[in-house]
Amino acid sequence: AVLAVALLIGFVWVESRVPHPLVRLSIFRVGSIVRANASIVALMGSYISFQFMMTLYLQDVLHWSPLRMALALLPAGLLVAFGSPFMGRLIDRYGTSPLIVTAMVSLSSGYLWFLATAGSRPGYLVTVLPAMLLLGGGFAFGFSSIMAQATDGIDDSEQGLASGLVQSSGQVGTALVLAVVTALIASASTAASGDFTPFRPGVNLVTGVAVAGLLLNVVTLLTARRNRRPVAAESAAR
């Protein structure tokens, strides 16, 4: 951890002094890029970590076969696969911010539903399937919208930089959240047959990550709408 921090500080120091930096640090002054990078951390970090926990639970605790486990998680993947191609039209019509809020609401609802209905032995039809549908829909809405937001209004010469930054944030966010989730599961007591209780702290964590992403985007959306009202009123007065 100390080495990673030292390398990060060294990278920022070098990038702020070279004439042609790999990452222009002033790009982080663009609000949409900062929001997109934070949102992708919440989206990817919570979604991948939850899928990891479900894989461990279904295979190691319930002793499901890999095929049965894959079929149980399949609804989320199908929604992502079949929903993503339509996102371009929705982004053109509604913009990225409302769709990202919708995605975060869906993700947060999926995790909260799982926590509320799981008990010690989650049932598939009551708990797992509804959660998978909510998470798949949330990921389908969120990923494309966040990618579009990250590059919106960015000069053509820096489209690759903006896209690379948000992709890197997604990978780093996933690694960080998954590392903490793994530590929480490892520190929990050994589960009895079928017992989900040791996984609950991990689900609490991913829920908190998703809710934080939701709050960030709700505040941003409300602020943008409030700032547009005086402009609209001034234009009407003219």
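Picking from 35, 17, which residue would you name as being without any contact (Cβ under 8 Å) to a residue 12 or more places away in the chain, charged (D, E, K, R) and either assigned to a helix (DSSP H, G or I) or more than 21 Å from residue 162 (Cβ to Cβ) (or both)? Give the derivation first.
Details: 35 fails: without any contact (Cβ under 8 Å) to a residue 12 or more places away in the chain.
Matching residue, one of 35, 17: 17.
All of 162, 81 fail the test of being without any contact (Cβ under 8 Å) to a residue 24 or more places away in the chain, over 25 Å from residue 180 (Cβ atoms) and within 18 Å of the chain's Cα centre (by Cα), apart from 81.
Kindly indicate which of 81, 131, 116 is in a helix (DSSP H, G or I) and in contact with a helix residue (DSSP H, G or I) (Cβ under 6 Å, 6 or more places away or on another chain). Can you show your working first?
On the way: 81 fails: in contact with a helix residue (DSSP H, G or I) (Cβ under 6 Å, 6 or more places away or on another chain); 116 fails: in contact with a helix residue (DSSP H, G or I) (Cβ under 6 Å, 6 or more places away or on another chain).
Result of the check over 81, 131, 116: 131.
For the stretch 188-229, which residues satisfy the criterion of being part of a helix (DSSP H, G or I), among the polar types (S, T, N, Q), touching a helix residue (DSSP H, G or I) at 6+ places or on another chain (Cβ under 8 Å) and at pLDDT below 90? Result: 220, single match.
The values are calculated or read from the model by the stated rules, or taken from the named source; none is laboratory data. This is a predicted model, so every value here is computed, not measured. Neighbour counts are summed over all protein chains in view; Cβ atoms, including those assigned to glycine, are modelled from backbone coordinates with ideal geometry.
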